[in-house]
Amino acid sequence: MSTDEPEKSALSTSNEDDLTCRSRFLTKPENVFAHNAWDDVIWDEEMIEAAEKSIEQNSTLKMDEKEAEKVLSDASSNWDKFYGIHENKFFKDRNWLLKEFPELEGIVDGKECEKFRVLETGCGVGNTVFPLMQYIESSRDFFVYGCDFSPSAIELTHQNALYDSSRCKTFTWDLTNVDNDARLPFEENSLDVILMIFVLSAIRPTSFKSVISNLTRFLKPGGLLMFRDYGKYDLAQLRFKQGRCIEQSFYCRGDGTQVYFFTQSELHDLFTECGLEKVQNLIDRRLQVNRGKQLKMYRVWIQCKYRKK
């Protein structure tokens, strides 16, 4: 990987896709290298100022306008190339999801829902779909949909030995194209949960509202949109070099895929403007360390749960 692809280094990816509930806290600075990671790290003003300086430096020189338009128009093919190269060997299964999102078990008020429908957007090669299917008993009426705009990724899910058409369905869907809903395998007001895990950040910011508004149509009243993605000041944002910034907080990696870094307030405004009400909106700051090299790496994610009224 080139140095302008920080999000996809073996180190950062393995950690972003292998999360657990927050349980380890650094109370004594001298113990920082005692473990690989620490939860809920508090940032001081000096750290924020340094992060702001890094962002200012890497976003002053924007990507060439024509080049930026090309990578934006080629977004689907660039992700397709990514999965064509890495297949199912890049991302880890998200076995942490039920710890962070226990609602995925389909239990409401202590009782199992008789019928539970989940859609994972940007499902990739099934790193969420298949763990959910394995965890939830096959005897339950629990169905998982998965969509991605990479045909190569969807084809890899179909080749997986765990793929069971009686319990899941994965299909190609470009979330930014609101005119291609006619062939969807579910109807409006039919889904209990929609998952967006490191997905919205890969979409052009001007499409955020139309994407969320469109997805909201398919949630049942009371259904949940569950979200986790990059937050502002994440290590990945600070490591970008000049010329990779397309617009504020939106960058292009070396392989042509894009990534946006969110704040809590803009996500709250986005979700509420689309008719959702807040259940959770938290910032997850973690300190990961390389004990061998004595390096500190600060990760910032935002996790949200918003309910359809």
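List nothing, just return the count: lysine pairs in the range 110-255, 8 or more apart or interchain, with Cα separation under 23 Å. Summing the qualifying lysine pairs gives 7.
Label zone (ARG204, point 7 Å along Cα-to-C-beta; backbone nitrogen cut-off 14 Å) within the range 45-76: 65-76. Between ASN177 and LYS115, the contour length at 0.36 nm per residue exceeds the Cα-Cα span by 19.4 nm.
Pair-distance distribution P(r) for the chain, from all Cα-Cα distances in 10 Å bins starting at 0: 6, 26, 35, 24, 8, 1 percent. Cβ crowding within 10 Å ranks CYS304, CYS123 as CYS304, CYS123, fewest other Cβ atoms first. Of the residues MET297, SER59, GLN248, the one whose Cα sits farthest towards the positive end of the charge dipole of the chain is MET297 (charges of +1 on Lys and Arg Cβ, -1 on Asp and Glu Cβ, taken about the Cα centre).
Placing a pseudo-label 7 Å from each Cα along the Cα-to-Cβ vector at ASP40 and LEU98 gives an inter-label distance of 2.5 nm. Treating the angle as unsigned and between 0 and 90°, give the value, to the nearest 10°, between the Cα long axis of helix 75-86 and the longest Cα principal axis of the chain. Result, in degrees: 90. Quick check on the chain: of the DSSP beta bridges with both residues there, what percent are antiparallel, nearest 5%? Counting only bridges with both partners in the chain, antiparallel ones make up about 55 percent.
Using Cβ point charges alone (K and R +1, D and E -1), the dipole size of the chain about the Cα centre works out to roughly 480 debye. Residue order for TYR298, TYR260, TYR306, TYR135, fewest other beta carbons within 10 angstrom first, comes to TYR135, TYR298, TYR260, TYR306. Of the peptides 215-224, 191-200, 277-286, the ranking by mean beta-carbon count within 10 Å, highest at the top, reads 191-200, 215-224, 277-286.
To test your reading of the geometry: what angle, between 0 and 90 degrees and rounded to tens, separates the Cα axis of helix 264-273 from the longest principal axis of the chain? Long axis of 264-273 versus the principal axis of the chain: about 30 degrees.
Where a number appears in this text, it was derived from the coordinates with a stated rule and is not lab data. The structure displayed is predicted, hence computed values, not measured ones. When we count neighbours, we look across all protein chains shown, and the Cβ atoms used for this are built from the backbone with ideal geometry, even at glycine.
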